[in-house]
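Readers should treat all values here as calculations from the given coordinates under stated rules, not as data from a laboratory. If you're wondering where the values come from, they're calculated on a predicted model, not measured in any experiment. Please note: Cβ atoms are built from the backbone with ideal geometry, for glycine as well, and neighbour counts cover all protein chains shown.
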Amino acid sequence: MTRTVQCVVLKSEAPGLERLPYPGPLGQRIFATVSREGWARWVKHQVMLINEYRLSPVEPKARKFLEAEMEKYFFGPGSAAPAEFKPPEA
């Protein structure tokens with residue numbers, strides 16, 4: 001049976017994640033309130049941030065930045081793309 005959550009991204013009930021996506025209290029909060037689709041949207045946004053800001057996820061400063069953006073994306077005002085970012089055309 002699939003676990004469901006009231007997703008903060010989708011604003012509706014949806015299948016939840018199968019395991020903690022991130023360590024610590026933030027990961028627990030995400031597990032409790034973010035759906036699989038909501039998490040997939042964050043991963044796509046995170047990839048854009050890594051590419052646009054040319055981040056190396058192994059660097060502590062970059063990880064701290066991405067964690068702050070994750071907190072904003074799910075539980076704050078949202079994580080914005082860089083001003084000069086242009087989404088790829090379909």
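From (1) within 21 Å of Pro57 (Cα to Cα); (2) in contact with a Pro (Cβ under 9 Å, 6 or more places away or on another chain), pick out the condition that doesn't hold for Thr2. In the conditions (1) within 21 Å of Pro57 (Cα to Cα); (2) in contact with a Pro (Cβ under 9 Å, 6 or more places away or on another chain), Thr2 misses (1) alone. If you go through segment 2-34 and keep only what is within 20 Å of Glu67 (Cβ to Cβ) and small (Gly, Ala, Ser), you end up with Gly24, Gly27, Ala32. Checked against (1) touching a residue at least 12 places away in the same chain (Cβ under 8 Å); (2) over 27 Å from Phe85 (Cα atoms), Leu20 meets all criteria but (1). Of the helices (runs of 4 or more DSSP H) lying entirely inside the chain, those containing at least 2 residues that are exposed (fewer than 12 other Cβ atoms within 10 Å of the Cβ) and β-branched (Val, Ile, Thr) are 36-52.
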